[in-house]
Amino acid sequence: MFKWIKRLFLTALVVVIVAAGAFVTFAPAYVERQRNNVIAHDPYPVSPEAQALHDTLLVGDLHADPLLWKRDLTKRSDRGQMDLPRLREGNVGLQIFTAVTKSPSGQNYNQNSAEAFDNITLLAIGQLWPIRTWDSLLQRALYQAEKLHRFEEAAPDHLKIVTNLAELEEVLAARARGEKITAGLLGIEGAHPLEGG
């Protein structure tokens, strides 16, 4: 009888370990593909005049949340709406990276309950974010900021984090000299990470 219980326990443990491994390996990428998908299509036709105009513009994207996902932004990806190579190709001079820390289940524009299940908690656990992020919105924002700094360190010729006007002006001057660098600004989606402070 004892051997049977031991065998059942070990089988259940193996199933739980395999399920947890599959969850952290496949679930986050699956969720991102569903929530942040890229639809394959032929390139849009762009006239030489339109391309010439675009090349002279300072293009800015005021909201993107790629820091939420488990991706290396220094490499072109087949999912998600942006990464550093695509920013460069799109002549984006200013990108605001938004730290997402909370997303209530059943989210809607009219009303959301503070007691609703938080989807980001499961995503943080599934992507193996540090344990400190699992129950702290502040730590989630700080972790995403740390990720952004790591991307800047890995690709300093593609991304420069700006925290003041002087740093932004430096990036704009570099772009005027022909450098294809993007100024990155960190923002937060909602004031939740302040944790009532």
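In a simple Cβ point-charge model (Lys, Arg +1; Asp, Glu -1; nothing else charged), region 74-197 has a dipole of about 380 debye relative to its Cα centre. Model label points for Arg177 and Asn37, set 7 angstrom from Cα along the Cα-to-Cβ axis, are 4.4 nm apart. Net length available on complete extension from Asn112 to Ile131 is 4.2 nm, with 0.36 nm assigned per residue and the Cα-Cα distance removed. The chymotrypsin sites (Phe, Trp or Tyr not before Pro) of region 69-115 that meet both conditions, a loop assignment by DSSP and at most 11 other Cβ atoms within 10 Å of the site Cβ, are Tyr109. Shown is the FRET efficiency for Arg150 and Arg86, computed with R0 = 22 Å from the Cβ-Cβ distance and rounded to the nearest 0.05: 0.75.
Residues Glu115, Glu152, Glu169, ordered by accessible area of protein heavy atoms at a 1.4 angstrom probe radius and largest first, appear as Glu115, Glu169, Glu152. The label-point distance for Lys75 and Lys6, in a model that sets each label 7 Å from Cα toward Cβ, rounds to 4.4 nm.
Under the criterion of Cα pairs below 8 Å and six or more residues apart, the relative contact order for region 46-176 equals 22 percent. Taking chymotrypsin sites (Phe, Trp or Tyr not before Pro) across region 113-197, the ones in a DSSP loop with at most 13 further Cβ atoms lying within 10 angstrom of their Cβ are Phe117.
Between Leu194 and Tyr44, the simple spin-label model (points 7 angstrom out along Cα→Cβ) gives 3.6 nm. Solvent-accessible surface of region 71-197, taken per residue with a 1.4 Å probe and all protein chains present: 54 Å².
Take Lys70: with every protein chain present and a 1.4 Å probe, its accessible area is about 110 Å².
Roughly to the nearest percent, how much of the accessible area of region 80-197 is carbon and sulfur, given a 1.4 Å probe? On region 80-197, the fraction of accessible area on carbon and sulfur atoms equals 57 percent.
The values are calculated or read from the model by the stated rules, or taken from the named source; none is laboratory data. Please read these numbers as outputs of a predicted model, since none were measured by experiment. As a convention, Cβ positions derive from the backbone with ideal geometry for all residues, glycine included, and neighbour counts pool all protein chains shown. Accessible surface areas use protein heavy atoms only, side chains included; no ligands, DNA or RNA. Shrake-Rupley method; radii C 1.70, N 1.55, O 1.52, S 1.80 Å.
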